[in-house]
Amino acid sequence: MQHQARIHRCQLVSRLLADRGDMLVVSGLGSPTYDCAAAGDHPLNFYVWGAMGSAVTVGLGLALAQPKRRVLVVTGDGEVLMGLGALATVAVKKPNNLAIVVIDNEHYGETGMQRTHTAAGVDLAGIARVAGFRTTATISDPAECDAAAMMLRSAASPVMVVFKVSAASDPLVLPSWGGPLLKNRFLQALLDTHAAA
């Protein structure tokens, strides 16, 4: 069943990343990466290009390796559906610094806007909750976004918030596609923030 999504995707991501401090951000393939770049390219953004289904596992590895840093994964419904097993692994590992944002437009935006299973009622927050996530929510009201942003920054982790967003297309802001460049930039920024601490 199609939800009447009212949240504007790009504006939502800008709100979530405002005043991010030294939070580490992993963004999934397609719109999540475009929206993170549109909110302001940042050396502590790790854009996962060409690896659909792996943003959550990359974020999990980073959260386990950097337990004193908050890690935010920004991904889409299609990507989470492709890697559902990752939610079970996150729930078993229980990192206390990992938050996952699912930008759910109920479509596969990168392959032609085919409807995903969430359009038929699959509840990603419910799957995460049953798997063992400490905190989950599904948000479709823009008025609830600020409270959800606070939850993503401070709630007991692992936490996952699914935002039901409009399927409208926004102009694309493309960060670099260069894998070695992005990896080296992220690593250097991570080392620099450790040295400054």
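Of all residues in segment 21-79 being in a helix (DSSP H, G or I) and free of Cβ contacts under 8 Å to residues at least 24 places away in the same chain, which is least open to solvent (accessible area, probe 1.4 Å)?
G61
Going by the conditions given, is G132 at pLDDT 95 or above, open to solvent by 10 Å² or more (accessible area, probe 1.4 Å) and small (G, A, S)?
Considered against the rule, which asks whether it is at pLDDT 95 or above, open to solvent by 10 Å² or more (accessible area, probe 1.4 Å) and small (G, A, S), G132 comes out as yes.
What residue, of K94, K68, is over 17 Å from Y47 (Cα atoms), basic (K, R), modelled with pLDDT under 95 and over 13 Å from the mean Cα position of the chain (by Cα)?
Within the list K94, K68, the selection yields K68.
Need the failing condition index for T118 against (1) under 18 Å from L29 (Cβ atoms); (2) of a type outside the set (A, V, I, L, M); (3) in contact (Cβ under 8 Å) with a residue 40 or more places away in the chain; (4) open to solvent by 50 Å² or more (accessible area, probe 1.4 Å), just the number.
Condition (4) is where T118 drops out.
Would you confirm whether or not segment 172-194 contains a residue that is open to solvent by 20 Å² or more (accessible area, probe 1.4 Å), closer than 16 Å to Q11 by Cα and not in a strand (DSSP E or B)?
yes
If you go through segment 3-13 one residue at a time, do you hit one that is modelled with pLDDT of 95 or more and assigned to a helix (DSSP H, G or I)?
No - not one qualifying residue is present in segment 3-13.
Within segment 37-48, does at least one residue satisfy the condition of being closer than 15 Å to V90 by Cβ and within 13 Å of the chain's Cα centre (by Cα)?
Checking segment 37-48: not a single residue is closer than 15 Å to V90 by Cβ and within 13 Å of the chain's Cα centre (by Cα).
Just a yes or no: is a residue in segment 146-156 open to solvent by less than 80 Å² (accessible area, probe 1.4 Å) and farther than 19 Å from A18 by Cα?
Scanning segment 146-156, I find at least one residue that is open to solvent by less than 80 Å² (accessible area, probe 1.4 Å) and farther than 19 Å from A18 by Cα, so the answer is yes.
Take the residues in segment 53-65 that are farther than 25 Å from R15 by Cβ and in contact with a helix residue (DSSP H, G or I) (Cβ under 9 Å, 6 or more places away or on another chain); name whichever of them is modelled with the lowest pLDDT.
By that ranking, first place goes to G53.
Let's see how each residue does on (1) touching a Leu at 6+ places or on another chain (Cβ under 7 Å); (2) basic (K, R); (3) part of a strand (DSSP E or B); (4) farther than 14 Å from V161 by Cβ:
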{"site": "D19", "(1), (2), (3), (4)": "no, no, no, yes"}
{"site": "T89", "(1), (2), (3), (4)": "yes, no, no, yes"}
{"site": "N96", "(1), (2), (3), (4)": "no, no, no, yes"}
{"site": "A128", "(1), (2), (3), (4)": "yes, no, no, no"}
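The values are calculated or read from the model by the stated rules, or taken from the named source; none is laboratory data. Because the structure is a prediction, the values reported are computed rather than measured. Here the Cβ is made from the backbone with ideal geometry for all residues, glycine too, and neighbour counts use every protein chain on show. The protein model used for the area step is the full one, side chains on, heavy atoms only, and it has no ligands, DNA or RNA in it. Shrake-Rupley method; radii C 1.70, N 1.55, O 1.52, S 1.80 Å.
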